[in-house]
Structures are given as C-alpha cells and as structure tokens.
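What follows is a short report on a single structure.
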Amino acid sequence: MENADKLDEFGQAFVASPGEPDRLPDSIDAGEETGPDVRGGGEPVLRGQVINAIKEVYDPEIPVNVYDLGLIYRIEIDESNHVEVEMTLTSPNCPVAESLPGWVENAAKGVTGITGVEVDLVFDPPWDQERMTEAARLELGMF
C-alpha cells in the first residue's frame, strides 16, 4: 500500500513523511498533548467521524466546541461500535450540566454505524484551561 492511500483518524488521505510510521496507531491522540484518550475496535474512519460529530457540540457560554475545549477525556469504541465517552464540565455549577452530556450522546449517536452511546460525567481530574487545544486558545485569545 502506498503511503498516499492511508487514512488519518478523520478519514482523510495522508502521505507519511520519511521516518513516520506507515500505519495509524490503535490509539489516536486528538492533536494536542492534552487530547483525550481515543481508542477501541472501531475503524479509524469511524473514530474520526465520532470526533467530528462531538466537535459540533458547543458550550453555549463559550464559542468553542466541547472537544477542543478539553471537556472530552475519553472516547472508546468497542468491536460492536458501541461508544463510551467520559467527559467533564468547565465547572460543577455549569448551567447546562444536565443537558451537555445528552448533546454529546446525541451527536455521537448520529454517526452512521454507531450502535449505542454512553456518556459518563466525571469531575476527577477537574477541568482547567490547560486541557484546551491550541485552536481553542486562539479562538478565545488566551496566551
């Protein structure tokens, strides 16, 4: 297989540079060093589609999606394409605490091929701004 025929976690073709591995890892870090733990038996394309779907969910008080905001701690897809998401909130007193996990669940359920979704809300470790991606920091003007 030529390197140009490989797909990244979002289903996009990529060409590996010299010295890069010629296959994708089983666990995909979402980009920044603080990205969530993304792993499982699902195909890389499916994992990328779940990530992209979750990126459509925004905290209504912050103009950044919950994924780039660092609220998603773990995404796991098993062999039957059941998704488990572990997420947190910016604050335990978040006004959308009861709604946001449901929005994430519905977004992931909307991906063709997903058989079910479970979202667990956790507060350990607590969220902090260091969990945000560089793109989120740029959007919010935080440097």
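A short reminder: the numbers here are calculations on the coordinates, not readings from a lab. A quick note: this is a predicted structure, and the numbers were derived from the prediction, not measured. Please note: Cβ atoms are built from the backbone with ideal geometry, for glycine as well, and neighbour counts cover all protein chains shown.
For the stretch 95-138, the list of chymotrypsin sites (Phe, Trp or Tyr not before Pro) that fall in a loop by DSSP and count at most 16 other C-beta atoms within 10 angstrom reads F123. Summing charges over neighbours of V96, with a neighbour being any other residue whose Cβ is under 12 Å away from its Cβ, gives -3 when K and R count +1 and D and E count -1.
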